[in-house]
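Step one of this worksheet: look at the structure below.
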Amino acid sequence: MISEIEGYDKHLAVAGFRNLGVKDVKGFLEAVQGAGRGVCVQFFDARLIAGWEHLFFAALNALKAFERGMNVSNSLAMEILLFASAQRQIKRAVELLGVKPETSATAVLVMAETPQEVTEILKTVSRLVPGERDDSVLELTNEKIEAIKGFFKISDLELQSKMEGEGLEKRALTDLVIEHMALLVTQK
């Protein structure tokens, strides 16, 4: 699914892959970045991704940070990783949410100016990723819910209070992750 980021002339897609098995992460990332000149491609450890909305809002926040001159990184892809991980330090964001040799499931975000560019780059990325395409790695499972709560320091009480207004644990958790990312802008 390709989504438009209104007001920025950008489109993005988020996809998942399972059985990744990348031993040379740096080489892999360089090959993927080389395949998509002029577009933004970023990978994430899918175990801590709260659905495609998590990455959509990370991208939106990163674009806003660049627009306002509040970006931490010079790279839009890295700024998206910073927001997705709710971190201000690049090294920490990569350690926590970046792809590592032991990463078995990954989420990839592709962003470009047109839906056609997004589609083409996603096809190229899919050929380069040593794993099988499986968007279900983006879905929230009970195991992921607990990992995400711990990662973003979301208490049971915070989740419970959000659920009262929303009714669904998964939706409430995703909304809380998005709120935690938005708070990153207020930190200096």
- prompt: Among the residues of the range 29-56, which ones are surrounded by fewer than 19 Cβ atoms within 10 Å (Cβ to Cβ), within 29 Å of Leu184 (Cα to Cα) and in contact (Cβ under 8 Å) with a residue 60 or more places away in the chain?
  reply: Leu29, Gly38, Arg47, Glu53
- request: Could you please let me know if Val99 is among the aliphatic types (A, V, I, L, M), touching an Asp or Glu at 6+ places or on another chain (Cβ under 8 Å), in contact (Cβ under 8 Å) with a residue 12 or more places away in the chain and farther than 21 Å from His180 by Cβ?
  value: yes
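Determine whether Glu117 is under 28 Å from Lys10 (Cβ atoms), assigned to a helix (DSSP H, G or I) and among the acidic types (Asp, Glu).
Answer is yes for this residue.
Bear in mind that the values in this text are calculations on the coordinates, not laboratory data. Since the model is a prediction, treat every value here as computed from it, not as a measurement. Positions of Cβ are backbone-derived with ideal geometry, glycine not excepted, and every protein chain shown enters the neighbour counts.
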